[in-house]
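The values are calculated or read from the model by the stated rules, or taken from the named source; none is laboratory data. The model shown is predicted, which means the values in this text are computed figures rather than measured ones. Neighbour counts are summed over all protein chains in view; Cβ atoms, including those assigned to glycine, are modelled from backbone coordinates with ideal geometry. Ligands, DNA and RNA are excluded from the accessible area calculation, which covers all protein heavy atoms including side chains. Shrake-Rupley method; radii C 1.70, N 1.55, O 1.52, S 1.80 Å.
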Amino acid sequence: QVQLVESGGGLVQAGGSLRLSCAASRNIFSIAAMGWYRQAPGNQRELVARITSGGTTNYADSVKGRFTISRAIAKNTVYLQMNSLKPEDTAVYYCNAEQGTGNYWGQGTQVTVSS
């Protein structure tokens, strides 16, 4: 199993930046993939960004060029740097870990972008 704890959410004006952190309870290099998802009220949870154990990344089209996923293996932490934020980025952001035993989720952190 993997426990995940997110931090870094908050309220920011449009055009601003935030960095989310996800601390894992085990070595993230041994985790097949980690990602950030978000869910806005009334919407389904959607993938924002994902990074595999080999370092391959992929992004939702809506965030390409604005968001960057990265990791600090020594700290067992994955980050999501969010720049040029838009009101439509407002959502609860969840960290995810993909393992052969299943998917694991953090508790979520709220990101609110005001216009």
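Residue 101: accessible area at probe 1.4 Å, nearest 10 Å²? Accessible area, nearest 10 Å²: 110 Å².
Under the criterion of Cα pairs below 8 Å and six or more residues apart, the relative contact order for the chain equals 37 percent.
Return one whole number: the accessible area per residue of the chain in Å², for a 1.4 Å probe.
Computed with neighbouring chains in place, this is 50 Å² per residue.
Taking the Cα centre of the chain as origin and assigning +1 to Lys and Arg Cβ atoms and -1 to Asp and Glu Cβ atoms, the resulting dipole is close to 220 debye.
Counting only protein heavy atoms and a probe of 1.4 Å, the accessible surface of segment 1-89 is 46% carbon and sulfur.
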